Amino acid sequence: MAGKQRKQKSKAADHGISGWEWLVLALFTFYLALWPFQFAFFNGAGLHSDSQMFFEEKTYYGIILGIPALLLVLIKVAGNTKWEKRHLIGCIALVWPLLYFIHSFHAESTYLNRIAFHNSILLYSFFVLGIVVSGLKQVLRKLIHLYYGVGSIVVLYSFAYLLGNRYRLDALSFNEGVRLTSIFTYANAYAAFLVTMLLIALYQLISPNKHWIRLAYAFMLVPIGVSLLLTLSRGAILMLPVIAVIVLLLVNIKKQLQILIYAALAFIPSFAIQSFLADKGLEVYNRIQTQLSENQPIKNISFFASESITGWLLIIGTALALTAVIYWLSQYMDKTEVGEKSHRHARFYIPILLVCMAIIGFVILRAGLLNSILPDQISDRFNNFSFNTHSVLERYTFYKDAITIWQENKWLGGGGGTWEALYDHVQSYPYMSSQPHSYIVELFLDTGIIGLVIIVGGVLYLIGNFIVRLSRGAIQGGADYLLFLLIPVSLLLHSVIDFEMSYMFFSIIVFFSIGVLAGQQREAIFHERRGGNLQRAKYGMVAVWGVMTIYLFIGGINSFAAHSNYNKSIGMMYAQQPFNQLNDKLEEGLTRVHGHPFLLRQLSQNYIAAFQQTGEQQYAVTARKYVDELLAAEPNSSMGIKARYQIAIAEGDLEEAVVAMDLAISTYPYEIGYYEQAITNRAKLWDAANSAEDSKAKLEQEQAISRIVAQYDEYKQKLADIPKAISYIRVFELSDQVKGIVEKIEQ
């Protein structure tokens with residue numbers, strides 16, 4: 001009898017987890033296991049960076065996840081017997097990838113828009129998947145646990161970078177102190193991830209979970225808290241009070257108090273151990289920099305070495321101590337009742353108080369009154385914060401330059417990657433940034449006013465609609481969905497001033513979660529009409545999703561094939577294999593992805609090099625063919641102009657070379673190399689005219705050089721007006737040799 005009861009309980013526990021739902025969990029397990037090894041599917045290196053080919057592969061590992069997501073949606077919806085408002089929202093959201101599809105015919109960067117179009121299908125697929133699974137609370141709870149479990153491994157593993165047990169390029173950076181960037185290699189992105197982990201941990205601690213589950217969440221509070229402090233991310237830390245207020249407004253007074261107490265308990269010990277760990281990280285960072293400067297291999301420290309184990313013991317010991325405190329405290333707090341029914345607006349008191357405390361706390365921090373208490377890195381970071389810091393001024397400049405770009409394509413934008421394609425055409429000083437540092441600005445440039453209204457307006461509507469329904473009690477078990485509100489809101493808030501959404505790991509989470517919120521709109525449609533309308537709508541959407549799945553599959557396969565052929569060609573070149581064979585690989589890649597700029601550039605460089613070595617004209621002709629294709633494929637990229645200049649120099653055609661550099665100077669006014677090449681080559685033409693006693697040609701070159709110098713002086717003067725807080729890596733100063741050429745000609 002007892003055995004039978006146990007079996008019944010077991011069946012009840014597993015009730016609701018169907019085969020389809022296990023497939024959803026399998027997809028997310030694969031996704032969460034994959035992203036730490038793929039740089040969080042970063043999609044943002046761009047045309048200016050040779051690392052784009054490295055990150056393109058990582059991007060497509062993320063994009064192909066849209067294939068199983070769409071298949072799962074297709075299977076589920078095909079079996080639906082009713083059509084609800086949430087399904088209609090999924091249909092309307094097709095406008096999103098459609099915006100990028102339209103730009104496939106004319107974009108500022110065809111290559112980047114192609115990736116953006118594939119990415120939009122991926123995010124749409126997870127958005128619709130969120131809609132479909134929105135009512136499956138068991139699945140959603142398991143997804144939260146799964147996310148947190150993998151995230152905890154990432155957080156703990158990241159300390160191996162800090163303590164020198166493992167090495168990854170840029171996992172530690174330095175800016176007003178050592179900064180932990182982890183697998184994201186960008187401190188603000190890691191901070192955004194840690195905020196999502198903190199939200200989950202705090203919310204799960206106040207939720208009715210089993211004791212061992214709550215203890216697992218409690219244990220990670222210190223590692224998460226101290227990691228957040230070690231990122232030195234001002235944006236994330238300043239955003240915390242905003243997110244905290246949103247969280248508190250959505251729960252009752254008892255849970256408000258619990259959240260604040262647990263958060264305080266997390267950060268007090270985190271502040272206490274931050275300095276010690278920061279010093280350890282600084283030692284590791286300095287050692288790595290020394291080894292890199294001396295071209296030595298990076299040597300990792302043993303986990304059990306004294307300089308490492310002390311850090312690990314401090315982290316684990318502090319985490320265990322806090323876990324014990326929370327275990328004891330939670331037993332008391334769970335039994336404590338807090339009266340709030342007598343006061344209608346009682347739940348607003350604590351959020352209002354928190355806002356006041358945050359403002360006062362910020363003023364105190366800025367005044368330096370807590371310097372003796374806070375870790376040096378933290379106090380210095382906040383003391384230096386103002387609207388006159390380089391990060392604020394740089395972002396302001398990016399946004400101002402973005403407005404200039406937007407004016408070229410106001411309504412529909414310039415397609416995916418518009419900022420990356422055009423920023424160096426209009427930049428206010430010689431910065432390098434493949435990202436506009438704002439998701440809003442990125443959407444604004446890519447999709448114009450229409451796209452911004454549709455996408456941002458749609459997101460705001462879905463979030464707002466969910467909050468209204470939740471406040472009215474219209475969502476059954478609404479508390480189970482709060483994390484799917486808080487996580488995307490926290491990420492989107494931070495992405496307003498940064499580029500977290502360029503990490504597809506984040507964008508998948510955001511739009512899946514918003515899909516879960518949209519899925520709460522369950523009003524039936526077609527309920528008073530003939531069943532034929534339902535069938536037509538259902539199978540129409542299934543057909544569309546099927547086409548999108550096939551397209552994404554073909555696009556993904558072609559991209560991987562092109563990337564593979566590129567890598568094989570580079571490997572063959574280093575192995576000094578036959579010239580024709582390595583070019584065949586590149587040409588084979590072009591049959592998969594037409595107009596791929598990096599393949600075209602490599603082909604043009606190969607044939608230019610062959611022409612320079614052999615002098616055979618057929619190589620020059622072939623090189624020009626690929627240069628022309630590169631210019632046609634990516635007219636806004638400097639790759640084409642550089643290739644055109646290289647072939648002209650190789651053929652000894654200085655006239656064409658100076659024309660190419662004149663175009664380059666007018667298009668990229670802050671690239672000093674173009675000025676120097678233009679002046680140097682025109683000086684050669686001037687010498688030739690002088691030797692031939694051709695006064696007309698000589699005067700023509702003198703006037704051309706004067707125009708180049710005048711433009712250089714104009715842009716040099718603009719730099720004098722740039723705030724001193726802004727620093728830039730690219731030098732904008734003519735070399736002494738070129739200055740000597742100018743002086744000689746002007747005499």
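The values are calculated or read from the model by the stated rules, or taken from the named source; none is laboratory data. Since the model is a prediction, treat every value here as computed from it, not as a measurement. Note that we place each Cβ from the backbone using ideal geometry, even for glycine, and neighbour counts take in every protein chain shown.
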Among the candidates I475, I487, residue that is outside any helix (DSSP H, G or I) and more than 30 Å from P669 (Cα to Cα):
I475
How many of the residues in the stretch 65-95 are under 31 Å from the mean Cα position of the chain (by Cα) and in a loop (DSSP other than H, G, I, E, B)?
3
Checking the structure you have, find out if any residue of the stretch 617-626 is out of contact with any helix residue (DSSP H, G or I) (no Cβ under 6 Å at 6 or more places or on another chain) and more than 30 Å from H563 (Cβ to Cβ).
yes
Those residues of the stretch 381-409 which are at pLDDT 95 or above and basic (K, R), in sequence order
K400
Assuming F304 fulfils every condition listed in (1) part of a helix (DSSP H, G or I); (2) over 28 Å from S495 (Cα atoms) apart from one, which condition is it?
(1)
Can we say Q291 is assigned to a loop (DSSP other than H, G, I, E, B), surrounded by fewer than 21 Cβ atoms within 10 Å (Cβ to Cβ) and without any contact (Cβ under 8 Å) to a residue 24 or more places away in the chain?
no
Residues that are surrounded by 13 or more Cβ atoms within 10 Å (Cβ to Cβ) and either small (G, A, S) or at pLDDT below 90 (or both), drawn from the stretch 540-569:
G546, G555, G556, S559, A561, A562, S564, S569
Find the residue count for the stretch 171-195, including only residues that are hydroxyl-bearing (S, T, Y), more than 17 Å from R381 (Cβ to Cβ) and crowded, with 22+ Cβ neighbours inside 10 Å.
1
Leading residue by the ranking (farthest from G556 (Cα to Cα)) among those in the stretch 586-629 that are small (G, A, S) and in contact (Cβ under 8 Å) with a residue 40 or more places away in the chain
S604
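Run down V154, V195, V139 and say which single residue is within 20 Å of G281 (Cβ to Cβ), part of a helix (DSSP H, G or I), at pLDDT 95 or above and among the hydrophobic types (A, V, I, L, M, F, W, C). Outline the logic, then answer.
Working: V195 fails: within 20 Å of G281 (Cβ to Cβ); V139 fails: within 20 Å of G281 (Cβ to Cβ).
After applying the criteria, what remains is V154.
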Filtering the stretch 493-508 down to residues that are part of a helix (DSSP H, G or I) and under 24 Å from F37 (Cα atoms) yields H494, S495, E500, M501, S502, M504, F505, F506, S507, I508
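If I filter the stretch 153-166 down to residues being of a type in the set (F, W, Y) and in contact with a helix residue (DSSP H, G or I) (Cβ under 7 Å, 6 or more places away or on another chain), which single residue comes out as farthest from I298 (Cα to Cα)?
For the stretch 153-166, the residue satisfying everything is F159.
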Just checking, how many residues over the stretch 44-56 are modelled with pLDDT of 95 or more and either within 26 Å of L143 (Cα to Cα) or not in a helix (DSSP H, G or I) (or both)?
0
One residue is enough: does the stretch 630-646 have a residue meeting the conditions surrounded by 19 or more Cβ atoms within 10 Å (Cβ to Cβ), in a helix (DSSP H, G or I), in contact with a Lys or Arg (Cβ under 6 Å, 6 or more places away or on another chain) and in contact (Cβ under 8 Å) with a residue 60 or more places away in the chain?
yes
List every residue pair whose Cβ atoms sit under 7 Å apart, with the two residues 6 or more apart in sequence or on different chains, where the first one lies in the stretch 482-503 and is touching a residue at least 40 places away in the same chain (Cβ under 8 Å) and the second, anywhere, is part of a helix (DSSP H, G or I) and among the basic types (K, R).
I497/R395
Of the residues in the stretch 592-613, those that are under 20 Å from P635 (Cα atoms) and surrounded by fewer than 20 Cβ atoms within 10 Å (Cβ to Cβ) come to H594, G595, Q605
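Out of the stretch 118-136, which residues are of a type in the set (A, V, I, L, M), assigned to a helix (DSSP H, G or I) and out of contact with any Ser or Thr (no Cβ under 6 Å at 6 or more places or on another chain)? Walk me through how you get there before you give the answer.
Initial filter on the stretch 118-136 (of a type in the set (A, V, I, L, M)): 121-123, 128-129, 131-133, 136.
Pick out the ones that are also assigned to a helix (DSSP H, G or I) and you get 121-123, 128-129, 131-132.
Correct list: I121, L122, V128, L129, I131, V132.
How many of the residues in the stretch 326-338 are loosely packed, with under 13 Cβ neighbours inside 10 Å and in contact (Cβ under 8 Å) with a residue 60 or more places away in the chain? First the steps, then the outcome.
Narrowing the stretch 326-338 to residues loosely packed, with under 13 Cβ neighbours inside 10 Å: 328, 331-332, 334-337.
When the remaining residues are screened for being in contact (Cβ under 8 Å) with a residue 60 or more places away in the chain, the result is 336-337.
The number of residues fulfilling the criteria is 2.
Listed here are the residues, each with its yes/no results for (1) outside any helix (DSSP H, G or I); (2) closer than 30 Å to G417 by Cα; (3) out of contact with any Phe, Trp or Tyr (no Cβ under 7 Å at 6 or more places or on another chain).
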residue: A678; (1), (2), (3): no, yes, yes
residue: N690; (1), (2), (3): no, no, yes
residue: Q701; (1), (2), (3): no, no, no
residue: K716; (1), (2), (3): no, yes, no
residue: P723; (1), (2), (3): yes, yes, yes
Top-ranked residue of the stretch 126-170 - restricted to ones that are polar (S, T, N, Q) and crowded, with 18+ Cβ neighbours inside 10 Å, ranked as farthest from L34 (Cα to Cα)
S134
Can you say whether Y481 is surrounded by 18 or more Cβ atoms within 10 Å (Cβ to Cβ), farther than 30 Å from H390 by Cβ and over 19 Å from the mean Cα position of the chain (by Cα), as far as the supplied structure shows?
yes
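Looking only at the stretch 105-117, how many residues end up being in a helix (DSSP H, G or I) and touching a residue at least 40 places away in the same chain (Cβ under 8 Å)? If you could, list the steps in order and put the result at the bottom.
At the first step, the residues of the stretch 105-117 found to be in a helix (DSSP H, G or I) are 105, 110-117.
Okay, now just the ones that are also touching a residue at least 40 places away in the same chain (Cβ under 8 Å), so 110-117.
Residues meeting the conditions: 8.
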Those residues that are touching a helix residue (DSSP H, G or I) at 6+ places or on another chain (Cβ under 6 Å) and β-branched (V, I, T), I need them from the stretch 167-217; list them, please.
V178, T181, I183, V195, T196, I200, I206
Complete set of residues in the stretch 238-263 that are surrounded by fewer than 19 Cβ atoms within 10 Å (Cβ to Cβ), farther than 25 Å from L146 by Cβ and aliphatic (A, V, I, L, M):
L238, V242, V245, L249, I253, L257, L260, I261
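Out of the residues in the stretch 202-215 meeting the condition of being touching a residue at least 60 places away in the same chain (Cβ under 8 Å) and hydrophobic (A, V, I, L, M, F, W, C), tell me which one is farthest from I259 (Cα to Cα). Give the derivation first.
Going residue by residue through the stretch 202-215, those that are touching a residue at least 60 places away in the same chain (Cβ under 8 Å) are 202-205, 207, 211, 213-215.
Still in the list and also hydrophobic (A, V, I, L, M, F, W, C): 202, 205, 213, 215.
On the way: L202: 6, L205: 8, I213: 17, L215: 15 Å.
Looking at residues that are touching a residue at least 60 places away in the same chain (Cβ under 8 Å) and hydrophobic (A, V, I, L, M, F, W, C), I get I213.
For T185, are the conditions met, namely being polar (S, T, N, Q) and within 21 Å of A479 (Cα to Cα)? Step through it out loud before you land on a result.
Numbers: polar (S, T, N, Q): yes; within 21 Å of A479 (Cα to Cα): no.
Spelling it out, it is not the case that T185 is polar (S, T, N, Q) and within 21 Å of A479 (Cα to Cα).
How many residues, within the stretch 198-216, are hydrophobic (A, V, I, L, M, F, W, C), over 27 Å from the mean Cα position of the chain (by Cα) and either buried (at least 24 other Cβ atoms within 10 Å of the Cβ) or assigned to a loop (DSSP other than H, G, I, E, B) (or both)?
Kept after step one, since they are hydrophobic (A, V, I, L, M, F, W, C), are these residues of the stretch 198-216: 198-202, 205-206, 212-213, 215-216.
Restricting the remaining residues to those that are over 27 Å from the mean Cα position of the chain (by Cα) gives 205-206, 212-213, 215-216.
Retained after the next criterion (residues that are either buried (at least 24 other Cβ atoms within 10 Å of the Cβ) or assigned to a loop (DSSP other than H, G, I, E, B) (or both)): 205-206.
Adding up the residues that qualify gives 2.
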Of all residues in the stretch 430-472, count the ones that are assigned to a helix (DSSP H, G or I), under 30 Å from Y728 (Cα atoms) and either of a type in the set (G, A, S) or free of Cβ contacts under 8 Å to residues at least 40 places away in the same chain (or both).
2
Do we find that I405 is in contact (Cβ under 8 Å) with a residue 60 or more places away in the chain, touching a helix residue (DSSP H, G or I) at 6+ places or on another chain (Cβ under 8 Å) and of a type in the set (V, I, T) in this structure?
no
